[in-house]
Amino acid sequence: MRLRTRTAYAFLTPYLLVFLTFWIWPIANSFWLSFLNTRSANWTFNPRMTWGRLLVDPAFANALWNTLLILVIQVPVMIALATVLAVLLNSPILKARGLFRFAFFAPVVVGEVAYAAMFRLLFNEFGIINKMLVAAGLTSIPWLSDPNAAMAVIIIALTWRWAGYNAIIILAGLQSIPEDVYEAATLDGVSKVRQFFYITLPLLKPVIILCVVISVIGTMQLFSEPFLITNRGGPGQATETLGLFLYRQGFGAFNFGYASAVAYTITALAIAISLLNLWLGKERE
Amino acid sequence: MAAVSLNNVVKKFGSLPVVHGASLEIADGEFVVFVGPSGCGKSTLLRMIAGLEDITDGEIVIGGKVVNDVEPAERGIAMVFQSYALYPHMTVEQNLSFGLRMTGNDKADTQRRVSRAADILRISELMQRRPRQLSGGQRQRVAIGRAIVRNPQVFLFDEPLSNLDAELRVQMRVEIARLHKELGVTMIYVTHDQTEAMTLADKIVVLRAGNIEQIGRPLDLYYDPDNQFVAGFVGSPKMNFIRGHVVERNDKGVILELAGEDGTRLAQPLTGPAPELGSHVTVGVRPEHFGDAGKGDADLTVSVDVVEHLGGTSFVYAATAAGEELVIQRDAATAADAAEITVSIRKSYLFDEKGLRLR
C-alpha cells in the first residue's frame with residue numbers, strides 16, 4: 001500500500017471503528033438476532049418464535065394496520081397541503097414572504113417533547129380545541145381517550161409538523177420552473193388553474209415523489225407522536241405503530257429477537273413502498 | 001394581419017421609468033426590429049405589446065383596437081421567447097397543440113394547424129420527441145411553430161436567436177425572413193444584434209435608455225443617422241469617431257481641425273445652422289469611407305496596430321496621432337502591414353457636442 005493511502009486510512013480509522021461498532025455491527029447482529037428465540041436464558045436458533053410469530057401476532061397486525069392507516073391518510077393529505085402551501089408561498093403578491101416561509105418551516109425545529117406537550121394540551125378534554133368546538137355549538141370530543149379521535153390527533157400533529165417542511169422542498173421545485181413557460185401558456189390563453197394542473201404539477205412530479213418517499217420512510221418509523229401525545233400508543237393499543245411495537249417488544253419485554261424481526265420488516269416495507277412510488281412516478285416514454 | 005401603433009407608451013417599474021413615451025406606427029405585414037443595447041427597454045416594449053407587462057401610460061393599438069386592458073391571449077399576438085419556453089414534459093406535438101387544446105379548439109382544426117406549422121418549419125419528424133431531445137435550432141423551430149398554430153395577427157420575437165451558435169443563427173435568420181415572406185404577417189422582433197436588425201427589418205427602431213433614438217429603413221439608418229448613438233450602433237465594424245473643433249465657419253458650412261492633426265483641415269458643407277467657431281464637434285467616418293492618401297477631403301497619418309485579413313477585404317486597426325482608435329476597411333492588397341499609413345477621408349458625418357447630427 002502506498003504511503004499516502006496508508007496515511008489516509010490511518011486518519012480514517014477512528015471514524016471507521018466507531019462506524020463499524022455502532023452502525024454496521026448492530027445492523028448485522030440484529031439480522032442474526034431476528035432468527036433467535038431470545039425469550040429463554042440461552043438464545044437458540046428458532047425463527048418460528050420471531051418471523052413466524054409476525055404472521056400470527058394480532059398485536060403486530062394491529063400496529064401494522066395503524067401505521068398503514070396513518071400512512072394512507074396522512075401522507076397524501078400532507079403532500080397536497082404542502083403543495084398548496086408552496087404555491088401560496090411562491091406567490092408574488094404575498095407580503096413578508098420570508099417570514100411566512102420561516103413560520104411554516106419552524107415546527108420541524110421545535111423539540112419533539114415540547115411539541116407533543118403542546119398537542120396534549122390543545123387536545124386535552126378541557127383544551128382549547130374542545131373549548132372552540134363547544135363555542136361553535138358542537139359537542140366536545142374525547143380526543144385522547146377515543147381510539148379514532150386519538151388517531152386523528154396523531155395525523156393532525158404529524159401534518160402540522162411536516163407540511164411546512166415538505167412545502168419548502170416543493171417550493172424549491174416550483175422556483176426551478178422558468179417563469180417564461182407560464183408566460184407562454186398565458187399567451188396561449190391557458191387559465192391559471194389549468195396552468196397549475198397541466199404545467200406546474202407535471203413539472204413538480206419528481207419533487208413531490210421525493211417528498212412522498214421521505215414521508216413514507218418517516219411514517220413507517222413513526223414513534224415520538226404516539227409515544228408522547230397519545231401516551232404510548234393509547235388508548236389501549238389504538239395508536240400503537242410499528243415503531244412503538246418494536247420498542248415495546250425490545251425494551252419493554254426485552255424480546256430482542258422478535259424486535260429485530262419487526263425492525264427488518266419495517267425497513268423492508270419502507271423500501272418496498274418507496275420503490276413502488278418511484279416506479280409509479282417514472283416517466284414512461 | 002394587423003397594423004400596430006404605440007401612442008406615447010410609458011413604462012415605470014415602481015418609480016423607475018424604463019420607457020419614456022414611445023410612439024411608433026407599424027404597418028400591416030411589416031417586419032419591424034427593435035434594436036439597442038441591453039437595458040434600453042426594447043424587451044419591455046415588446047412585452048407591453050404582448051400584454052405580459054402593464055402599460056403605465058399611453059396606448060397600444062393592434063388591428064385598430066386599443067388593447068391596453070385586453071388579455072394577452074385575446075390580442076391576436078403570438079410570441080417566441082429567447083429561452084424558447086417550451087413545455088419540458090410535453091412532446092413537440094403536445095407543445096404545439098397545448099394552447100389550442102386548452103382553449104377548446106376543434107380537434108380536427110387543431111390537428112390541421114399543427115401539421116401545417118410542422119410542414120412550414122420542417123419538424124414533422126420530431127413530433128414525438130421532448131424538448132430535451134432536440135438541438136437548440138430545433139427547439140427554436142418548435143417555439144416558432146407554437147406561435148404559428150395560433151394564426152396570430154402579429155408575431156413577436158424576443159431575441160430568438162441569442163441562444164444559438166453563430167452558424168445556426170445565420171441559418172435561422174434566413175428561416176425567419178422566409179417565414180415572414182411566406183406568412184406575410186406583421187412581425188416585431190427584438191435584438192441587440194445590429195446585423196440581425198439590418199438583415200431582417202423593413203423598419204428598424206433604435207432604442208437607448210428607454211427612448212426611441214431613430215426609426216427608419218436599415219439603409220437610411222446606415223447612411224443617414226440622426227445622431228452619434230445611431231451612427232455608432234448601426235454598422236459593423238462600427239463608425240469611427242474623431243474629435244475636432246471648428247476653425248472657420250461660412251454660409252456653406254464649416255472647416256474643422258481634427259484633434260492631434262495640426263494643419264489637417266476638413267471642410268464640411270452644411271445646409272442647416274453651423275456650430276459656433278471653436279466649438280467641439282465629432283466627425284464620424286465609416287470604415288469603408290477611408291481611401292488612399294490624396295484622394296479625399298483630408299489626409300490622416302495613423303499608426304497601425306493590427307491588420308485583419310478576411311479574404312475579400314481587410315480591416316486595419318490603427319490610432320491617430322491624438323490616440324483615437326480607428327478601424328479602416330481596405331482591399332487586402334493595399335492594407336499595408338507598415339507601421340504607418342496615410343488615409344484619406346472621402347465621406348463623413350458631423351455631430352455636435354450633444355451627439356446630434358449636423359446636416
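Values in this text are rule-based calculations from the coordinates and carry no lab data. Small disclaimer: the values here were computed from a predicted structure and weren't measured. Don't worry about glycine lacking a Cβ; one is built from the backbone with ideal geometry, like all the others, and counts go over all protein chains shown.
For this structure, a couple of remarks:
- Length added when fully stretched, residue B:183-residue B:107, from 0.36 nm per residue minus Cα-Cα: 25.0 nm
- Cα-based convex hull volume of the stretch B:240-358 per residue, rounded to whole Å³: 100 Å³
- Cα-based shape type of the stretch B:108-194, given that a ≥ b ≥ c are square roots of the gyration tensor eigenvalues and the cut on a/c is 1.5: oblate
- Report note on the peptides B:252-263, A:222-233: ranked by the mean count of other C-beta atoms within 10 Å, highest first, their order is A:222-233, B:252-263.
- Neighbouring partner chain Cβ atoms per residue of A:185-196, average, 10 Å criterion: 6
- Principal-axis tilt of helix B:107-121 within chain B, Cα atoms, nearest 10 degrees: 30 degrees
- Taking a span of 20 Å or more along the helix axis (Cα atoms) and a mean Kyte-Doolittle hydropathy of at least 1.6 as the rule, the DSSP H helices of chain A that qualify are A:58-90, A:201-220.
- Counting Lys and Arg as +1 and Asp and Glu as -1 over every other residue whose Cβ lies under 15 Å from the Cβ of residue B:219, the net charge comes to -1.
- Within the shell of other residues whose beta carbon sits under 13 angstrom from the beta carbon of residue A:139, the net charge comes to -1, with Lys and Arg scored +1 and Asp and Glu -1.
- An ellipsoid equivalent to chain B, defined through the eigenvalues of its Cα gyration tensor, has semi-axes of 46, 25, 15 Å when rounded to whole angstrom and sorted largest first.
- Counted charge near residue B:301, where neighbours are those whose Cβ lies closer than 12 Å (Asp, Glu -1; Lys, Arg +1): -4
- Shielding by partners - mean other protein chain Cβ count within 10 Å, residues of B:46-53: 2
- With both residues required to sit in the stretch B:4-233, DSSP beta bridges show an antiparallel share near 55%.
- Part-to-part distance (alpha-carbon centres) for the stretch A:224-285 and the stretch B:27-82, which is given in Å: 59 Å
- Cα shape, the stretch A:58-281, gyration tensor, a/c 1.5 rule: oblate
- Cα gyration tensor, the protein assembly as shown - rounded (a/c under 1.5), prolate or oblate: prolate
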